[in-house]
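These notes concern the structure reproduced below.
The values are calculated or read from the model by the stated rules, or taken from the named source; none is laboratory data. Because the structure is predicted, anything quoted here is derived from the model rather than measured. Heads up, the Cβs are rebuilt from the backbone with ideal geometry, glycines too, and the neighbour counts pull from every protein chain shown.
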Amino acid sequence: MKDNLDDTLLQFEGNFRQTSFIGSLLLIGGLMFVNWMLEIFKWRFLIGKIEKVSFLSAVVAVFSGVTVSIFTPNRIGEYAGRVFVLEKADRWEGVLITMLGSTSQLLVTLIAGAVGFIFFANGYLDLFNSETYYFNGLVLIIGIFIVVLLFLFFNISSLTGIFNKIPLKLQKLRHYGTVFSYYRKPELLVVLLLSLCRYFVFITQFYLLLNLFGVSIPYGSSFLMASMIFLAMAAIPTITLTELGIRGSVALYFIGLYFDFHNPGGRNDLGIVTASSVLWLINLAIPALIGAIFVFRLKFFRKQD
């Protein structure tokens, strides 16, 4: 065990000395910028239905939301953390709209994870190898699952009708239901595509980090295993501050499984955990620190006219 650790540390040291190492880190950092620019554009696009927000205000909102979210289960605080930049619009409407944007990202994670599970089950689970119709049944169930999710997302305006059934004495709650009728299907498609682009950024960052820390794995295989990791993390209740250890364990299981099947001698546990940890630091810890600069400047209460 000690020999493996020593070999891994020597490999890390060799990587650090290579000129390509800094270039790779800069590329990964640049992808972090791309990731959050996509999210800023998506939120600004969505929130524009109730208030026109400047680009700078959208930057403040998104990064402030990340800061608030690290203290809440499954980052739910992000919804509230963003809306304090709104100057005139109803903030509860802003929360619902922010939830819509987060739902689109979760939808991409679920669909990619569901598709990934088909390939994962076919390649790594013995459960379906003996009976083809079991596997075909799995494909059918997942196909129906994806169709249902997409149907619900693109028909989210139907929630307005559900809110309209709330008793008249709760008129304000009925009013909030109109938020879901603001967006047409083409607009929802734009939101979904932006979320998909962010997903590919995450996958690419993880692939680059794995190879940077001595975990040699093809892009296709890293995409498959990363889709399973992201799906598992979406299902596990966590607080962001404690997420790092859980994320490392989940990554170690799935990426380690790839090497156990294809290259047992090439498994590098320390590299896998390091890559997963750095991905967390780049995409969450650093943006949270940036957001901390803005949080204390937000106006949490408005002046009454």
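With the requirement that a residue be modelled with pLDDT under 85, outside any helix (DSSP H, G or I), among the hydrophobic types (A, V, I, L, M, F, W, C) and over 15 Å from the mean Cα position of the chain (by Cα), what does region 61-90 give you?
Phe71
Suppose the filter is β-branched (Val, Ile, Thr), buried (at least 17 other Cβ atoms within 10 Å of the Cβ) and either in contact with a helix residue (DSSP H, G or I) (Cβ under 9 Å, 6 or more places away or on another chain) or at positive phi (or both); does Val34 pass it?
no
Within region 91-102, is even one residue modelled with pLDDT of 85 or more, outside any loop (DSSP other than H, G, I, E, B), surrounded by 13 or more Cβ atoms within 10 Å (Cβ to Cβ) and among the aromatic types (Phe, Trp, Tyr)?
Yes, that holds for at least one residue.
Does Arg75 satisfy the condition of being under 30 Å from Arg174 (Cβ atoms), buried (at least 20 other Cβ atoms within 10 Å of the Cβ) and in contact with a strand residue (DSSP E or B) (Cβ under 9 Å, 6 or more places away or on another chain)?
yes
Residue check: is Val115 part of a helix (DSSP H, G or I) and touching a residue at least 60 places away in the same chain (Cβ under 8 Å)?
Yes: the conditions hold for Val115.
Can you tell me which condition Ala292 does not meet? The list is (1) in contact (Cβ under 8 Å) with a residue 60 or more places away in the chain; (2) under 21 Å from Leu125 (Cα atoms), and all the others hold.
Failing condition for Ala292: (2).
Looking at this structure, is Gly48 modelled with pLDDT under 95 and either under 19 Å from Ile282 (Cβ atoms) or among the polar types (S, T, N, Q) (or both)?
no
Within the group Gly177, Gly161, which residue is in contact with a Leu (Cβ under 9 Å, 6 or more places away or on another chain) and small (Gly, Ala, Ser)?
Going through Gly177, Gly161 in turn, just one is in contact with a Leu (Cβ under 9 Å, 6 or more places away or on another chain) and small (Gly, Ala, Ser): Gly177.
Which is within 15 Å of the chain's Cα centre (by Cα), modelled with pLDDT of 85 or more and either over 23 Å from Val83 (Cα atoms) or buried (at least 19 other Cβ atoms within 10 Å of the Cβ) (or both), of Tyr199, Tyr219, Tyr253?
Sole residue among the options that is within 15 Å of the chain's Cα centre (by Cα), modelled with pLDDT of 85 or more and either over 23 Å from Val83 (Cα atoms) or buried (at least 19 other Cβ atoms within 10 Å of the Cβ) (or both): Tyr199.
Do you know which residues across region 46-60 are within 23 Å of the chain's Cα centre (by Cα), over 20 Å from Val295 (Cα atoms) and touching a residue at least 40 places away in the same chain (Cβ under 8 Å)?
Correct list: Leu46 only.
Does region 210-221 contain at least one residue that is in a helix (DSSP H, G or I) and touching a Leu at 6+ places or on another chain (Cβ under 7 Å)?
No: region 210-221 contains no residue that is in a helix (DSSP H, G or I) and touching a Leu at 6+ places or on another chain (Cβ under 7 Å).
I'm trying to understand the selection: among the residues of region 267-305, which are loosely packed, with under 13 Cβ neighbours inside 10 Å and either in contact with a Cys (Cβ under 7 Å, 6 or more places away or on another chain) or at pLDDT below 85 (or both)?
Hits for region 267-305 are Phe296, Arg297, Lys299, Phe300, Phe301, Arg302, Lys303, Gln304, Asp305.
Output the number of residues of region 222-243 satisfying the condition of being modelled with pLDDT of 75 or more and either crowded, with 20+ Cβ neighbours inside 10 Å or part of a helix (DSSP H, G or I) (or both).
The qualifying residues number 15.
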